[in-house]
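Here's the structure, in structure tokens; my notes come after.
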Amino acid sequence: MKKTLLLVSLITITALALLSNLNTIDASASLPNNGTAGAPADGGGATCTGCHAGTATQTTGVISSDIPGSGYVGGTTYNFTVTMSGAAAYGFEMTPQTATSNVGLGTWIAGVGTGVSTKYIKQSAKKTGASATWTFKWTAPATATTVTFYGAFNYANNNNTTSGDIIKKSSVTYFANTTGIAEHKNAAIIVLFPNPTTEELHISSSGFLKEGKILSVDGKISKIISEYELISKTISVRDLQEGIYFLNITSEDGRTSSSKFIKN
């Protein structure tokens, strides 16, 4: 009888330990469930607050990519980066959808420290420290569709409970380049320097430049290039906030180019 009670006690203790472990994993910004990236079509935009205390707040600057301001080209693979800081442990989940459909658009390609589960990409294990960065890839769909990348991001205090963690959500939208690959083959050849830059961006290009604009990673116009800047091929970026931008330039012969630069 004593042996039976001892066996039951050991089983109970083991079960409780396993449950405690699972709770620790969730509370430490690891392994979020599918459908918690904040996409509107995923159950009303559920985020990680289902497992973590608090309310999800909106943020920016977490998601970046090298998709040009002119839009993505179907079938092309692009690089994505998630950057987080200001906590003790970090985790995330992202999905490419539209505001009205939960169909995953394009294909994720996992990078170091990330994993793909159907239309979701997420950390494969939590990261700790002052900051965390993940890089991975996404292959654009062949059909020209506006894609929004929704993400939920866990800024955890790493105390092995669900309390004290901060959930933030963010999204970026990219449009399809409906002119296709032909436009890229006929693109104007330009070189930007210095890159990264803090005050000025110089353009090395043969011929005259007709028009230009700077776009943020979400496709919004941040600056229209003046005629003087086009002639001098020197663009002031002092007023831009730090981040990743795309310079769209059209040459006198009608050729276009979209080049990425970083403002520090």
### Message
Condition check: surrounded by 14 or more Cβ atoms within 10 Å (Cβ to Cβ), not assigned by TED's automatic domain parsing to the domain that holds Gly151 and not charged (D, E, K, R). Does Ile224 satisfy that?
### Response
no
### Summary
Within the range 217-233, residues being at pLDDT 85 or above and within 30 Å of the chain's Cα centre (by Cα) number 5
## Note on the structure
Inside the range 186-216, the number of residues satisfying the requirement of being at pLDDT below 85 and of a type in the set (Val, Ile, Thr) is 3
### Message
Pairs needed: first member in the range 192-215, not assigned by TED's automatic domain parsing to the domain that holds Glu229; second member anywhere, exposed (fewer than 13 other Cβ atoms within 10 Å of the Cβ); C-beta distance under 8 Å; at least 6 residues apart or different chains.
### Response
none
### Summary
When the range 82-116 is checked residue by residue, the ones that are surrounded by fewer than 21 Cβ atoms within 10 Å (Cβ to Cβ) and in contact with an Asp or Glu (Cβ under 9 Å, 6 or more places away or on another chain) are Asn102
#### Entry: Hits in the range 54-108 - residues which are more than 24 Å from Ala176 (Cα to Cα) and assigned to a loop (DSSP other than H, G, I, E, B)
Gly54, Thr55, Ala56, Thr59, Gly86, Ala87, Ala88
### Summary
Here, strands (runs of 3 or more DSSP E) confined to the range 127-176 with at least 1 residues that are modelled with pLDDT under 90 and surrounded by fewer than 22 Cβ atoms within 10 Å (Cβ to Cβ) are 166-174
### Message
Pull out all pairs, ordered by first then second residue, where Cβ-Cβ is under 6 Å, the residues are six or more apart or on different chains, the first lies in the range 236-251 and is over 20 Å from Ile67 (Cα atoms) and at pLDDT 90 or above, and the second is in a loop (DSSP other than H, G, I, E, B) and of a type outside the set (S, T, N, Q).
### Response
Arg238/Glu199
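The values are calculated or read from the model by the stated rules, or taken from the named source; none is laboratory data. None of these values were measured; they are calculated from a predicted model. A quick note on method: Cβ atoms are made from the backbone with ideal geometry, for glycine too, and the neighbour counts reach across all protein chains shown.
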